[in-house]
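Here the structure is laid out as structure tokens; the discussion comes afterwards.
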Amino acid sequence: MDSTHYEICIVGAGIVGLSTAYFLAKSGLKVVVLDKDSIGSHASGFAYGGLSPLGEAGDPETILPVFDLAQLGMKKHLEFSSDIPELSGIDYDFRFRPAIDLVFNDEELTEAKQQIKWRQQVENYKVEFIDRKSALEIVPNLNNEIIGATYTEGVCDVEPYKLVLALTQSCEKLGVEILNKEITGIQIENHLATSASTKHEKIYFEKLVLCMGPWSGNISNWLGINVPIRPLKGQILRLKSESVQLNASVGYLHNYAVTKPDGLIWAGTTEEDIGFEDSPTPYGRNSVLGSLTHMIQGLDEAELVYHTACLRPLSKDGKVILGPAPQTENVFLGTGAGRKGILLGPGIAKITADLVMNKQPEIDISAFSVARFS
């Protein structure tokens with residue numbers, strides 16, 4: 001069996017794995033990234049691409065660890081927006097654009113105003129409640145039955161597939177090897193992971209990063225620890241409309257829509273806990289169209305151009321799994337970002353890279369330890 005040796009081996013070439021490789025390679029480390037599938041073929045390539053740290057609902061005290069991670073993710077995205085296109089030569093459509101979250105009744109109004117109160121205290125964002133007339137001036141095709149909306153400036157979006165390609169190109173220019181290989185097992189000696197097996201070879205390393213998205217459950221067998229990750233399916237539609245232009249990301253409950261730079265309306269999403277089935281379905285199409293037409297009027301003549309589906313990694317308690325793996329001294333985990341993978345990915349990656357290099361993470365990650373499931 002052939003073998004090769006690297007300082008760092010990363011399993012998983014989604015946004016977390018590629019971003020981690022980018023940070024480590026910038027520091028001069030020899031890195032290999034392994035993935036069983038092609039680049040951008042799963043959630044990191046088929047996501048919506050919204051970047052809104054303020055999207056974390058709830059009382060700020062109870063969501064603080066997640067909010068800190070979201071803020072770090074946004075900070076890294078802002079750095080990426082200038083560095084990655086220059087290094088890769090790929091424009092991945094990073095842009096600021098406002099968000100409008102619709103309010104239809106008094107109960108939703110009360111909740112919206114509670115959220116606005118704490119969101120207004122966060123730097124770099126403008127958040128306010130606007131009435132129905134003001135909302136319709138921004139997006140004329142909104143449902144006329146709204147009573148108002150939460151308006152937010154300072155949020156962004158990207159085209160995820162282009163971002164993944166740009167990260168891939170950037171990593172390769174920094175010397176990262178990205179290989180299409182499936183890992184079948186991890187060898188451990190004296191509490192140290194020493195190598196990863198494929199069908200035809202062993203890959204040796206000093207440190208190992210596992211960021212395998214919804215397939216992270218395999219880690220349980222490899223390391224003998226409980227990593228309760230399951231796939232959460234989401235479906236997105238892209239529509240062409242000659243008459244409707246959404247100049248803000250329009251949201252209601254867990255649904256959203258915006259006109260992207262490609263000229264198409266991107267709308268989503270579903271949350272389907274049905275295992276590893278990842279095909280677009282009539283249910284998904286009808287569900288997304290139903291939510292979209294509840295938010296937006298005038299789409300009767302819209303043409304469905306693309307219908308995609310992907311699997312997001314969801315942990316047992318809905319929070320990310322991030323940090324050192326128990327019982328091994330050189331293995332690090334980064335997974336479980338759910339619907340927030342594109343936003344959180346670079347933040348998870350920066351923390352992981354810091355841990356690999358024996359640096360102190362920028363935020364407290366104790367709430368994300370996989371040990372909480374033991």
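The values are calculated or read from the model by the stated rules, or taken from the named source; none is laboratory data. Since the structure is predicted, the reported quantities are computational estimates derived from the model, not experimental observations. In this analysis, Cβ positions are derived from the backbone assuming ideal geometry, glycine residues included, and neighbour counts consider all displayed protein chains.
Okay, here's what the table says:
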| item | result |
| --- | --- |
| Criterion (assigned by TED's automatic domain parsing to the domain that holds Val139 and in contact (Cβ under 8 Å) with a residue 40 or more places away in the chain) met by exactly one of Gly284, Gly323, Gly347, Gly336 | Gly284 |
| Flag for Pro231 being under 23 Å from the mean Cα position of the chain (by Cα) and crowded, with 21+ Cβ neighbours inside 10 Å | yes |
| Any hit, the range 282-305, residues being within 30 Å of Ile8 (Cα to Cα) and among the β-branched types (Val, Ile, Thr) | no |
| Odd one out for Glu137, checked against (1) in a helix (DSSP H, G or I); (2) outside the structural domain of Pro282 (by TED's automatic domain parsing); (3) over 25 Å from Ser19 (Cβ atoms); (4) not basic (Lys, Arg) | (2) |
| Qualifying residue in the range 30-39 (condition: closer than 28 Å to Leu142 by Cβ, among the aliphatic types (A, V, I, L, M) and over 14 Å from the mean Cα position of the chain (by Cα)) | no |
| Number of positions in the range 71-111 that are within 17 Å of the chain's Cα centre (by Cα), in a helix (DSSP H, G or I) and charged (D, E, K, R) | 3 |
| Residue in the range 163-182 that is small (Gly, Ala, Ser), part of a loop (DSSP other than H, G, I, E, B) and either buried (at least 22 other Cβ atoms within 10 Å of the Cβ) or in contact (Cβ under 8 Å) with a residue 12 or more places away in the chain (or both) present | yes |
| Failed item in (1) assigned to a helix (DSSP H, G or I); (2) touching a residue at least 40 places away in the same chain (Cβ under 8 Å); (3) surrounded by fewer than 19 Cβ atoms within 10 Å (Cβ to Cβ), with Ile219 passing the rest | (3) |
